[in-house]
1. What's the ranking of 90-96, 35-41 by average number of surrounding C-beta atoms within 10 Å, highest first?
2. Convex hull over the alpha-carbon atoms of the range 71-144: what's its volume per residue in Å³?
3. Mind giving me the FRET efficiency for Arg43 and Glu136? R0 is 30 Å, r the Cβ-Cβ distance, nearest 0.05 is fine.
4. Placing +1 at every Lys and Arg Cβ and -1 at every Asp and Glu Cβ, with all other atoms neutral, what dipole size does the range 5-175 have around its Cα centre, in debye to the nearest 20?
5. Looking at Thr20, Gly124, Ser148, which one has the Cα that reaches farthest to the positive end of the dipole of the chain (charges on Cβ: Lys, Arg +1; Asp, Glu -1)?
6. Within the chain, what percent of beta bridges assigned by DSSP are antiparallel, to the nearest 5?
7. With θ taken as phi - 60° and the coefficients 6.51, -1.76 and 1.60, list the Karplus ³J(HN,Hα) couplings across the range 72-77 in order, rounded to whole Hz; mark glycine and proline as x.
8. Given C-alpha coordinates of the chain, what is the ratio Rg to Rh with the Kirkwood estimate of Rh?
Amino acid sequence: MDPKIVYETDRLVVRDWVDTDGDRVFDIYRRWEVSRWLGASPRVMADRDAAGRTIARWNERNRDATYGVWAVEERLTGTVAGTVLLVPLPEPSDGSASRGEVEVGWHFHPDAWGRGLATESARGAISHGFKAGVGEIYAVVRPGNVASLAVCGRLGMRSLGRVERWYGASLEAFVL
């Protein structure tokens with residue numbers, strides 16, 4: 001069964017994950033240079049079985065037509081370059097009330113870095129969200145993640161400065 005395609009760009013097919021993506025998921029998230037920027041407590045993926053569980057969890061989230069955590073496949077080669085996500089941000093960790101903020105994010109294999117794929121896939125996710133009626137889209141980036149800070153700039157996102165609102169961490173926040 002072919003995966004559901006969420007959207008396409010000139011170079012990319014953004015789609016749901018399939019079980020055969022497990023080796024690539026593991027190869028991406030087992031790397032500290034990728035995982036060090038992710039989550040409240042960054043850690044690498046421990047084993048290949050975790051990749052299968054992660055794919056199942058992501059695809060469960062992808063049942064909503066607006067939000068998801070999707071595979072970014074290069075159209076020319078069929079290689080999964082990484083992940084793009086459009087998801088509601090978690091409940092604020094700073095004690096403030098949630099305003100239903102939505103986050104765009106991206107995680108790519110190092111062999112896909114430096115080719116504009118994160119920007120291209122995130123631009124598509126943002127467009128997808130706006131078409132679905134999302135009013136504002138945020139990005140949150142760990143300080144020091146120069147590459148992702150640059151993606152936010154290329155996307156035309158406005159800096160909100162450093163916040164401690166989400167993920168129990170001090171993060172650079174952006175909005176579009």
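Values in this text are rule-based calculations from the coordinates and carry no lab data. Given the structure is predicted, the values throughout are model-derived calculations rather than measurements. Because the Cβ atoms are built from the backbone with ideal geometry, glycine has one as well, and the counts that use them run over all protein chains shown.
1. Descending packing order for the listed peptides: 35-41, 90-96.
2. Spread over its residues, the Cα hull of the range 71-144 gives 105 Å³ apiece.
3. That gives a FRET efficiency of 0.50.
4. Details: 22 positive and 23 negative charges, 61 e Å.
Computed about the Cα centre, the dipole is about 300 debye.
5. My answer, from the dipole projection, is Ser148.
6. On the way: 29 of 30 bridges.
Roughly 95 percent of the beta bridges in the chain run antiparallel, per DSSP.
7. Coupling constants for the range 72-77: 10, 9, 6, 4, 5, 10 Hz.
8. My calculation of the ratio gives 0.93.
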